[in-house]
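Let me begin by presenting the structure, written as C-alpha cells, before commenting on it.
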C-alpha cells in the first residue's frame, strides 16, 4: 500500500479539489482499492470565514474511508462500518467504513502521528492499495508516515504571483533536499532528542522532541569528539537550528543530524534561513540523514482566492490569471506542476500508479 499526502499551503489553495480529481481518476481502475482520511477536520461545504461554497468530496462505491462518527451522520454516502477505532476527535471516534452507495463525505481524522500510523496499519489489513490523506501545511508532521506528497498552492496563499512562486521555491527546496537515507544500526525509537556516540551508546536528553534555543545551547555543550549522531524527532525551528549548527565546531570526526523524515523542517518559521543552516552544517563536512524519505510528486496550482469587500462586508470569488500563474511557477520551479482545471490530473495519477507498482 502507498500512502499519499495531499497538503494545502493555506486555506482555499485546492487540496480538496486535488483529492477529488485523483479519486475520479482512481475510479477508472476497478482493480485498485482506495482509502481516504484527513488530518483534522475537513469537508465543510460552506467556508466558515468567507461564507463562500467550498469544493465537496464525493466518494464512490467501495472506497474505504476513515472519519469521525458524527461526520458519517452528516455525509450523504451510505457506508458499511468496519471498525470503530480508539482514535478520538471532537466529533467522535474515527470509524473505518466502506462506501456502499456513492455520495458526499465529510471527514475528520487524526491529528497525531501515532494515530495516523494506526490508521495506515488498519487500511493495510483491508488490502487497500492507495491511501490518501489530506490536510494543511500547518499540520504537516502527521504526514510523516506518507510515501509521497502532493502540495496544493495558489492565489489564496498569495495573490502576488512572483512572491508566491518564490515562497513555493523555498518550500520545494526543503522538500526535495538530497537527504541521505539512514542505514546506521541505532535505536531511534526515542521520545525526545538523543545523542549517540560512536560506540552506539545513546545519551537520552531530558528534552521534548521539539528543538528550542535552550535545547540547542545544551546540545552544543554535550556534543564532543565521540558524538556520531544527533537525533531530533520533532519539528525544527530555524533559529535554534541555526544556533546548533553554528555552535558545533568543525572537526575531522564526522557528525550527522538524523531526522525521522524530511517534513520536520517545513514548520521552521523561515524556510530560506532553514536551508542556509542545512547548507552550513554540510559545509562543515557533516551530514544530514532521514529515517524515512517522503517524495514530492508535484504541485497543483489554483488561481482562486476569496476577496473581501468592505462595502458590503462580504467575500467574493476572485482569480489571478491562470496562464501567468503557470508561467511564473514554471519559470522558478523545477518540479512537476499541475493545472487541474485546464489539464486534469491524469499525469499526476500516472505518477502515483508508477510509484504504486514500484
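Put a dot 7 Å past the Cα of residue 332, heading toward its Cβ, do the same for residue 313, and the two dots end up 3.6 nm apart. Largest mean-square fluctuation among 67, 37, 84, in a Gaussian network model of the chain whose springs join Cα atoms under 10 Å apart, belongs to 84. Within segment 116-150, list the residues whose amide N lies under 17 Å from a label point set 7 Å along Cα→Cβ of residue 357. Residues 129-130 qualify, since their backbone N sits under 17 Å from the label point. Run through the DSSP bridge list for segment 180-292 and note the antiparallel percent, rounded to the nearest 5. Bridges in segment 180-292 are about 40 percent antiparallel. Can you tell me how segment 180-292 classifies by the Cα gyration tensor, rounded, prolate or oblate, using a/c under 1.5 as the rounded cut? In terms of gyration-tensor shape, rounded.
Each of residue 214 and residue 60 was given a label point 7 Å from its Cα along the Cα-to-Cβ line. The distance between the two points is 5.3 nm. Computed on the Cα trace of segment 1-121, the radius of gyration divided by the Kirkwood hydrodynamic radius gives Rg/Rh = 0.93.
For residue 104 and residue 282, the FRET efficiency from 1/(1 + (r/R0)^6), where r spans their Cβ atoms and R0 equals 41 Å, is about 0.30.
Overall form of segment 230-318: prolate. Here a/c, set by the Cα gyration tensor axes a ≥ b ≥ c, is 1.5 or more, and a/b is the larger of a/b and b/c.
Given the -39500 (n - 2.57) contribution per DSSP H run of 4+ residues, what per-residue ellipticity at 222 nm results for the chain, rounded to the nearest 500 deg cm²/dmol?
Mean residue ellipticity, 222 nm, calculated: -9000 deg cm²/dmol.
Centre-to-centre, using Cα atoms only, segment 103-168 and segment 239-298 are separated by 23 Å.
Across the chain, the volume of the C-alpha convex hull divided among the residues equals 151 Å³ per residue.
Bear in mind these aren't lab numbers, they're just calculated from the coordinates by the rules spelled out. Values in this document were obtained by computation on a predicted structure and should not be read as measured data. No Cβ is skipped: glycine too gets one built from the backbone with ideal geometry, and neighbour counts run over all protein chains shown.
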